[in-house]
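The values are calculated or read from the model by the stated rules, or taken from the named source; none is laboratory data. This structure is a prediction, so every number in the text was calculated from the model and none was measured. Counting neighbours? That spans all protein chains shown, and the Cβs are built from the backbone with ideal geometry, glycine included.
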Amino acid sequence: MAIPVDVFFLDREADGTLQQKLQQQIAESILAGRFLPGERMPSSRSLARHLGVSRITVTVAYNDLVADDYLIARGRSGYFVSDTAPVSPRFETPRQPAAGEFDWGRIITPRYAGFRDLERPRNWRNFPYAFIYGQADPGLLDHQNWRLCALQALGQKDFGALIQDQYERDDARLVEYILRHILPRRGIVAAPENILITLGAQNALWMAAELILSQRRTAAMENPCYPGLREILHQARCRTVAIDVDDDGLPPEALPDEVDAVFTTPSHQCPTNATMPLARRKELLRLSRERGFVIVEDDYEFEISFSGGTSPALKSLDEAGSVIYIGSFSKSLFPGLRLGFMVAPPPLIREARALRALVLRHPPGHIQRTAAYFLSLGHYDAQINRMRKAYRARRDVMETAIRDAGLTPAGADVPGGSSFWMRAPAGTDTRALASRLHAHGVLIEPGDVFFARTPAPTEYYRLAYSSIPPERIPEGIALIAEALGVSGPTRARDLALTERGASRVSERQ
C-alpha cells in the first residue's frame, strides 16, 4: 500500500531546514503508527513537486531515514517503511488526577518560583527597539567556526571522551586553556586543582553560597545587585546585609564588623557598571584578612573594555587565599552556552566538585570540548575583538542619543560593558513606562528588581545595546524621551517617531 502524497506538508515557520522538517514529519508519523511497516513512500519526484522543494531535499531526507532504519530502499521499487523501524511503547493511558486532588502546596518548600526577576517577552527580537541586556547579536557571533569546532569535538579522536561518563572530572583541554590564557589576563595564577567548570556564573554563585553560608552566617551583597544572587542568598537562609554602592562600587568601610562572606562585582558592578578602584580593592582584601571573611568575586564582562586595559581582579591581589573567583563565557561567546568556571583554593574546589556531582555530575562533555577548541584555535579572541569594536561604536551612538534626548544616566561613565544604567525624573514608575513603550516597539528593563530594600526605587531602568542595531538606537532613545516628556538640548520631541515605532512593532508581531 502506498502512502498518499497529500498527507505531507511543511511548516515553513518551524525551525530547521526543509530537509530536517520533512525528516521529522516522517519519523514522527512512523513512531505514532500513522505510517505502517511495509507501506511505500511517495516517489521523491512526486513528493518534491507536492511540497514545492527540490528533489534532492526529499532524497537526502529519505537516505537519512534509511540510515536510522525508519525506511528501507528497494532498488527501483522506491522507499518503504522498514519492518524494523523504531516504535513508540504502547500502554494504557492511566487516569489523570483531577485538579486540586493532591495538596502540593502543603508539600513544596521552600518557594523558588516567586522571586523577583527580570521579565523579557519571548518574542523580544520582533521589537525594533529592544534595549535588552545579555542577549547576543547573531551577526557578531562566529557561527561557522563554532560549528567546525563542534564537528571536530565529535570526531573519532575525541569521541571516546564524549561517550564516557566523566563522573566529576572536567575537560582537561578546557581547564588548560583557562589556566594558560584566560586567567593570566586577569593576573591570576592557578593550577588544575583550583579550577571547576560550571554551568555559567549563576551555577557557580549557587555552589559558593551552598558551601560557605548557613543560617548562622552573614553575607553582604551590593545594592543594587544582580537579582539572581539576591535570591540565591535568600534560599541559603543566611542573614543578608545590602551595602549601597556608589560611583566606585562597593565601599569597604560600609561593611558590618560581623560578616562571613562578601559578594561583589568589582570590575563591572551590576547593574550600575561602576569599576572599583585599586585602592578600594586593596582595602577590601585587607579587611578580609583582618576579619576572616570570604570574598566571592563575580568578574563578568571584563573582556568588553574599550580603554585597552582593565583593573586587576581581586583574586590576582589575594595573598590570603580568601577570594572565590567566578568567570563566565556567556557574555563573551553567547548566553545559551551556559558555561563558566570557579577558581578557589583546593579544599573548596573539592567540596564544590562533590556538590556538582550530586546535582548534575558535570557540564556536557561535548560543549566543554567544543569550547576548548574554539578558544585554543584563536576564534574566541577574534570574536571578542569583533564584539569590542561593535559595542564601542554602539555605545558612542547611544551616548550621543541619550545626551541629545535629555535623558539622565545614573551609572558611572565606564569605557566598556554593554549597557547604561539610567534614572528617570523623580516619581516616575519605570514599570508603567516600560508598559507604555512596549506598545511602540521599545523594550527597556525597569530597575526596581535590582534593589534589595522594599519598597524599591521606581525611577531607575537599564538600557542595553548588545543586540540592537546601531541605526535604530537614536529612534528608540527618542521614543523613551517622548514617553518621559523629556526634551533634549539639541533634539525636540518628535511625535512622528511614535507613529513610526508603533507601525514597526505591529508589522513584526
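Scanning segment 153-178 for residues that are within 11 Å of ALA372 (Cα to Cα) and in a helix (DSSP H, G or I) gives ALA153, ALA172, ARG173, LEU174, VAL175, GLU176, TYR177, ILE178.
Exactly one residue among PRO346, PRO409 is under 24 Å from ASP246 (Cα atoms), touching a helix residue (DSSP H, G or I) at 6+ places or on another chain (Cβ under 7 Å) and surrounded by fewer than 18 Cβ atoms within 10 Å (Cβ to Cβ), and that residue is PRO409. Among the residues making up segment 384-429, those that are on the phi > 0 side of the Ramachandran plot and more than 24 Å from the chain's Cα centre (by Cα) are GLY406, GLY427.
Within segment 33-78, the set of residues being among the charged types (D, E, K, R) and either surrounded by 14 or more Cβ atoms within 10 Å (Cβ to Cβ) or not in a helix (DSSP H, G or I) (or both) comprises ARG34, GLU39, ARG40, ARG49, ARG55, ASP64, ASP68, ASP69, ARG74. The residue that is surrounded by the most Cβ atoms within 10 Å (Cβ to Cβ), among those in segment 5-30 that are acidic (Asp, Glu) and outside any helix (DSSP H, G or I), is ASP11. Scanning segment 443-464 for residues that are of a type in the set (Ser, Thr, Tyr) and without any contact (Cβ under 8 Å) to a residue 60 or more places away in the chain yields THR454, THR458, TYR461. The strands (runs of 3 or more DSSP E) found wholly in segment 179-295 and carrying at least 2 residues that are farther than 30 Å from GLN368 by Cα and over 25 Å from the mean Cα position of the chain (by Cα) occupy 218-223, 239-244. Mind checking which pairs have a first residue in segment 115-142 that is under 16 Å from SER435 (Cβ atoms) and surrounded by fewer than 18 Cβ atoms within 10 Å (Cβ to Cβ) and a second that is aliphatic (A, V, I, L, M) and at pLDDT 85 or above, Cβ under 7 Å, 6 or more apart or different chains? The qualifying pairs are LEU118/VAL449; ARG120/ILE132; TRP124/ALA130; TRP124/ILE132; TRP124/LEU443.
Does ALA274 satisfy the condition of being of a type in the set (Gly, Ala, Ser) and touching a Gly at 6+ places or on another chain (Cβ under 6 Å)? Here the answer is yes, as ALA274 does meet what is asked.
Each row is one residue, and each column tells you yes or no for (1) polar (S, T, N, Q); (2) in the same structural domain as LYS282 (by TED's automatic domain parsing); (3) crowded, with 21+ Cβ neighbours inside 10 Å; (4) closer than 26 Å to ARG169 by Cβ.
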| residue | (1), (2), (3), (4) |
| --- | --- |
| LEU317 | no, yes, no, no |
| GLY321 | no, yes, no, yes |
| ARG361 | no, yes, no, yes |
| GLN368 | yes, yes, yes, yes |
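The condition of being at pLDDT 90 or above and either out of contact with any His (no Cβ under 6 Å at 6 or more places or on another chain) or in a helix (DSSP H, G or I) (or both) holds for ALA456. For segment 389-411, state whether one or more residues are within 13 Å of SER332 (Cα to Cα), of a type in the set (D, E, K, R) and touching a Gly at 6+ places or on another chain (Cβ under 9 Å). The answer is no, given that none of the residues of segment 389-411 is within 13 Å of SER332 (Cα to Cα), of a type in the set (D, E, K, R) and touching a Gly at 6+ places or on another chain (Cβ under 9 Å).
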